[in-house]
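So the structure is just underneath, and the comments pick up after that.
The values are calculated or read from the model by the stated rules, or taken from the named source; none is laboratory data. Computed from a prediction, not measured in an experiment: that's the story for all the values here. When we count neighbours, we look across all protein chains shown, and the Cβ atoms used for this are built from the backbone with ideal geometry, even at glycine. Surface accessibility is based on the protein's heavy atoms, side chains included, excluding ligands, DNA and RNA. Shrake-Rupley method; radii C 1.70, N 1.55, O 1.52, S 1.80 Å.
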Amino acid sequence: MEQEKKRKILITIIALFFIILVVLIVAITTRTGQNEHSYELGTTDGYAQYTLPENYTLQSEDSIEFLTPSEERVVSNEARYTFSGTCDKQYDLFCNQTPVTYNEMGVFTCEFPLTQGENVFTFTYGRITRTFVVEYGMDILRQVAPMGKTETTPGVSVEILALAHRNATVYAEVAGQRVSMELTDRNAFQQSEGTQDYATFAGYYTMPTASTSQSLGAITVYGMLDGQVSTMQGGEVYLISDQSIILQQAASLEQQQNLTSYYATGSRGLLLPNADYGLGTAMMCEVLKDKTETTPASDPNDYSSPLFTPLPKGTFDYVTSIVTYDDELTYILSSGRKIYAKDARLISTGYILPMNTVSASEIVITDNTTDYYISTNWAVPVNGILSPQGYYTGYQGRIYNVTAFTAEYLDLTFYYTDGFNGGFNLPTNDVLSSMQWINNGDHSVTLRCYFTTPGQFYGYSISLGNDGRYKLSIKNKHPASGKTVILDPGHGGSDPGAGAIYEGIYESPITLSLATKVAAILQSQGIRVIMTRTSESDVTLNDRMLMARQYMPDAFVSIHCDSSTSASSSGTHTFYYESFSMPLAASIHNQMVGAYQNSLYPIGSTEYSSADKGIKFYPFQVTRVEECPSVLVECGYLSNATDCSILLTDECQNILATAIANGIIVYFNNQG
């Protein structure tokens with residue numbers, strides 16, 4: 001009886017074992033199958049679907065993968081740290097016993113505050129435990145500028161910058177003089193978005209008066225926080241007190257620059273500074289490349305300004321001083337500009353040219369522009385300003401943000417000019433109603449070009465032809481069927497752009513896919529589309545700008561994806577440079593925000609409330625063109641789990657592409 005009892009117990013145990021084994025096999029099979037399912041974005045019906053990329057299909061039992069950090073022990077200089085990864089959604093996820101949420105795709109991101117020293121974070125997911133150690137070491141100072149040599153004359157303001165902890169007290173010393181430094185909104189050191197603890201501090205040192213040229217020593221920056229003091233040394237500052245030293249520099253530079261120029265060839269039939277006009281001599285320079293950017297001479301930095309039109313190749317100007325800032329040699333021009341020495345040929349002893357006279361010459365109408373030719377005696381600097389136009393300080397402390405484009409005319413000012421002749425009999429057109437010469441009384445003459453409709457203007461270009469005449473090209477207004485749009489998929493080829501939260505996935509193919517979809521929609525509406533690239537090829541920023549300048553399209557739209565060190569950053573923003581580009585930026589941005597809030601982000605979600613990141617002025621290179629409305633669209637954050645999922649999904653890309661295309665079309669319709 002006892003043997004029979006033992007035999008029955010053994011049979012029961014074996015049977016239970018096989019039952020458990022079958023249950024486990026079924027569970028594992030079901031779990032593996034779930035990894036291939038599409039998961040809805042959000043909890044509201046009607047939102048788009050998303051499937052995880054194939055290389056992120058989780059197949060192992062109790063699967064969880066961490067994308068950041070990639071190692072179990074890391075160092076951070078920020079007071080918050082972001083963890084991100086993917087899981088198979090089988091269990092609740094915890095970090096130090098605090099619940100961590102993942103989205104419908106099993107993607108999670110979470111941020112935690114850090115304290116000085118080691119911070120231990122233990123994640124538990126079912127039977128899996130992962131522990132990470134994040135060591136937080138707070139730097140008071142990170143960077144200073146200038147690091148190179150600064151060499152200039154008495155009275156010039158030298159800008160000193162520091163990247164420091166935003167709670168620190170920061171100041172600099174030059175030649176024993178203390179220079180106060182203030183916290184700013186600027187991003188002078190190009191920190192990644194989401195950097196919260198560190199910011200740009202700025203201060204200004206005025207060069208002293210002295211009888212002799214001398215070194216003032218190196219810049220020293222001090223940072224103080226919580227009883228700790230940190231110092232960092234910048235570049236050397238050198239005072240030039242004697243004009244003869246500047247002239248010696250100029251003569252030496254002129255000998256070093258073996259450059260081809262109009263001055264050397266004597267072309268164009270204009271007056272040149274190599275002939276004596278009985279007015280004396282002066283140091284001058286000649287612009288060596290077309291569309292050379294300059295910056296205000298009064299500004300201690302080299303920030304681009306839409307109030308300073310790029311100079312045509314062959315322009316001459318008088319050089320009042322030669323300065324060096326952070327090893328960058330710069331000429332200060334009498335017209336109130338600064339120009340990099342690398343962009344101009346120095347003439348150490350040129351002959352002062354007679355005051356100029358400008359004359360209306362002829363009008364030529366093309367399909368794309370109406371061209372106004374202006375004769376001149378010599379190649380004086382020319383500048384265009386749209387007025388009246390108000391500006392305000394906005395994103396990153398930039399001062400050229402606009403709430404609306406309000407200009408009523410374009411002022412084209414010719415420097416070193418006292419006289420004008422003739423006028424233009426304007427043809428009937430939708431852009432300009434009339435033109436007027438104005439003698440400003442300060443040796444400059446302005447050609448004021450009045451708009452047919454205030455607030456409606458589409459671009460211009462100023463060039464200097466081989467016949468010695470200036471050509472002012474005003475962009476024509478085209479009917480809906482004749483519009484041209486250049487679409488610029490950001491990055492490409494050897495430049496992959498921003499990385500996504502998924503390893504190996506980058507911005508470049510996403511922007512190309514979006515641009516291709518936008519192009520198809522615009523073409524279906526009869527709009528001509530030109531792409532800066534149609535494959536994963538290298539296209540330089542200069543080449544992209546050149547396309548905008550050559551084609552002068554009705555709109556230039558650069559398409560990008562954003563990234564941030566903060567996993568919580570999400571949403572879309574649109575950038576412009578010229579004030580007349582702002583209406584295009586606003587139209588596209590409004591459509592993009594609507595797409596995110598109406599079709600992609602669940603109502604009430606964190607992403608929904610932060611979808612609108614604004615319409616902002618910023619001097620991205622591809623937007624710094626006068627020839628056409630040009631904007632840059634950031635379509636979402638690859639560093640954010642939800643945004644990244646949206647940007648990788650074909651259905652969601654269709655929604656965003658439709659928004660961009662509709663924004664362009666609405667802009668065209670609003671222009672009449």
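Some notes on this structure:
- Filter pass, GLY223 being under 30 Å from the mean Cα position of the chain (by Cα), open to solvent by less than 30 Å² (accessible area, probe 1.4 Å) and at pLDDT 90 or above: yes
- Consider the range 533-557 and keep the residues that are within 21 Å of ASN670 (Cα to Cα) and under 17 Å from the mean Cα position of the chain (by Cα). The one that is surrounded by the most Cβ atoms within 10 Å (Cβ to Cβ) is PHE556.
- Flag for THR124 being in a strand (DSSP E or B) and either buried (at least 19 other Cβ atoms within 10 Å of the Cβ) or in contact with a Cys (Cβ under 7 Å, 6 or more places away or on another chain) (or both): no
- Which numbered condition ARG142 misses (of (1) over 30 Å from ARG73 (Cβ atoms); (2) within 33 Å of the chain's Cα centre (by Cα); (3) not in a loop (DSSP other than H, G, I, E, B)): (1)
- Considering only residues in the range 170-196 that are assigned to a loop (DSSP other than H, G, I, E, B) and touching a strand residue (DSSP E or B) at 6+ places or on another chain (Cβ under 6 Å), the one that is most open to solvent (accessible area, probe 1.4 Å) turns out to be ALA175.
- ASN368 buried (at least 21 other Cβ atoms within 10 Å of the Cβ) and among the polar types (S, T, N, Q): no
- SER563 being at pLDDT 95 or above and in contact with a Ser or Thr (Cβ under 7 Å, 6 or more places away or on another chain): no
- Answer from THR98, THR109 - the residue that is open to solvent by 30 Å² or more (accessible area, probe 1.4 Å) and in contact with a strand residue (DSSP E or B) (Cβ under 7 Å, 6 or more places away or on another chain): THR109
- Test for LEU161: is it within 19 Å of SER70 (Cα to Cα), at pLDDT 90 or above and buried (at least 16 other Cβ atoms within 10 Å of the Cβ): no
- Number of residues in the range 588-615 that are more than 13 Å from GLY636 (Cβ to Cβ), touching a His at 6+ places or on another chain (Cβ under 7 Å) and open to solvent by 30 Å² or more (accessible area, probe 1.4 Å): the value is 1.
- Lone unmet requirement of (1) within 24 Å of SER579 (Cβ to Cβ); (2) under 17 Å from the mean Cα position of the chain (by Cα); (3) not small (Gly, Ala, Ser) for CYS628: (2)
- Sole residue being modelled with pLDDT under 85 and loosely packed, with under 13 Cβ neighbours inside 10 Å, chosen from GLN256, GLN233: GLN256
- Of all residues making up the range 638-659, the number that are polar (S, T, N, Q), over 18 Å from TYR102 (Cβ atoms) and open to solvent by less than 10 Å² (accessible area, probe 1.4 Å): 0
- Among residues of the range 194-217 that are touching a residue at least 60 places away in the same chain (Cβ under 8 Å), those with a beta-carbon under 6 Å from a residue that is among the hydroxyl-bearing types (Ser, Thr, Tyr) at least six positions away or on a different chain give the pairs GLY194/SER564; GLY194/THR565; GLY194/SER566; GLY194/SER569; THR195/THR565; TYR204/SER157.
- Within the range 449-468, tally of residues that are part of a strand (DSSP E or B) and open to solvent by 50 Å² or more (accessible area, probe 1.4 Å): 1
- The single condition among (1) closer than 25 Å to PRO619 by Cβ; (2) in contact with a His (Cβ under 6 Å, 6 or more places away or on another chain) that LEU225 does not satisfy is (1).
- Taking the range 65-80 as the range and being open to solvent by 70 Å² or more (accessible area, probe 1.4 Å) and of a type in the set (Gly, Ala, Ser) as the test, only SER70 passes.
- Hits in the range 323-356 - residues which are touching a helix residue (DSSP H, G or I) at 6+ places or on another chain (Cβ under 8 Å) and not in a strand (DSSP E or B): ALA341
- Filtered by the rule that a residue be touching a Gly at 6+ places or on another chain (Cβ under 8 Å), of a type in the set (Val, Ile, Thr) and over 30 Å from ALA567 (Cβ atoms), the range 145-195 gives THR150, ILE160, THR169, VAL174, VAL179.
- Conditions (1) modelled with pLDDT of 50 or more; (2) outside any strand (DSSP E or B); (3) open to solvent by less than 40 Å² (accessible area, probe 1.4 Å); (4) farther than 20 Å from TYR502 by Cα: number failed by ARG31: (1)
- Residue list for the range 296-325, filter: buried (at least 16 other Cβ atoms within 10 Å of the Cβ), among the charged types (D, E, K, R) and more than 23 Å from LEU270 (Cβ to Cβ): ASP302
- Of the residues examined, PRO629 is one that is closer than 26 Å to TYR400 by Cβ and crowded, with 24+ Cβ neighbours inside 10 Å.
- Scanning the range 552-580 for residues that are among the hydroxyl-bearing types (Ser, Thr, Tyr) and in contact (Cβ under 8 Å) with a residue 60 or more places away in the chain yields SER558, SER563, SER564, THR565, SER566, SER568, SER569, SER570, THR572, THR574, TYR577, SER579.
- Taking every residue in the range 316-329 that is closer than 30 Å to THR376 by Cα and touching a residue at least 24 places away in the same chain (Cβ under 8 Å) and pairing it with any residue that is acidic (Asp, Glu) and open to solvent by 30 Å² or more (accessible area, probe 1.4 Å), at least 6 positions away or on another chain, yields no pair with a Cβ-Cβ distance below 7 Å.
- GLU362 passes every criterion in (1) in contact with a Lys or Arg (Cβ under 6 Å, 6 or more places away or on another chain); (2) in a strand (DSSP E or B) apart from (1).
- Qualifying residue in the range 81-93 (condition: assigned to a loop (DSSP other than H, G, I, E, B), open to solvent by 20 Å² or more (accessible area, probe 1.4 Å), over 30 Å from ALA210 (Cβ atoms) and out of contact with any helix residue (DSSP H, G or I) (no Cβ under 9 Å at 6 or more places or on another chain)): yes
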